[in-house]
Amino acid sequence: MKKRTEGPDFASSSLPRHLTRGAVGFGGLIGSFALLPVAGPVALLLLPVGVLALRGCPMCWTIGLVQTVSRGRLRRSCEDGRCTVVSAGGGERAPEPVATQAH
């Protein structure tokens, strides 16, 4: 069973698939407005195609791009109630922020 991470997941299974979704999505959005003078209101039928391909909005697609690129490179590891970011490849721990205590 796959462990669900916190928050929504907008990533694709591969980078080429995600970039293809972006091309279709942005093409649909831009085409719906660019073709409006030529095709009239019929061109607005491309708008839902673009929104569905981008999974809602251009920012959702961008977040998915970052998730797709980082997937498999970093993961969170929790031991003894303490969580850190771990590189999935070599098991090296990423640098942790230094906590300061107020006096």
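What follows is calculated from the coordinates using simple rules that are stated; it is not laboratory data. Just so it is clear, the model here is predicted, and its values are computed rather than measured. Counting neighbours? That spans all protein chains shown, and the Cβs are built from the backbone with ideal geometry, glycine included.
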Karplus-derived HN-Hα couplings along segment 15-22 (A = 6.51, B = -1.76, C = 1.60, θ = phi - 60°), whole Hz, x at Gly and Pro: 5, x, 5, 5, 5, 5, 4, x
FRET efficiency, 1/(1 + (r/R0)^6) with R0 22 Å, evaluated for ASP9 and ARG76 via beta carbons: 0.95
Inter-label distance for VAL42 and ALA23, nm, one decimal - labels placed 7 Å from Cα along Cα-to-Cβ: 2.6 nm
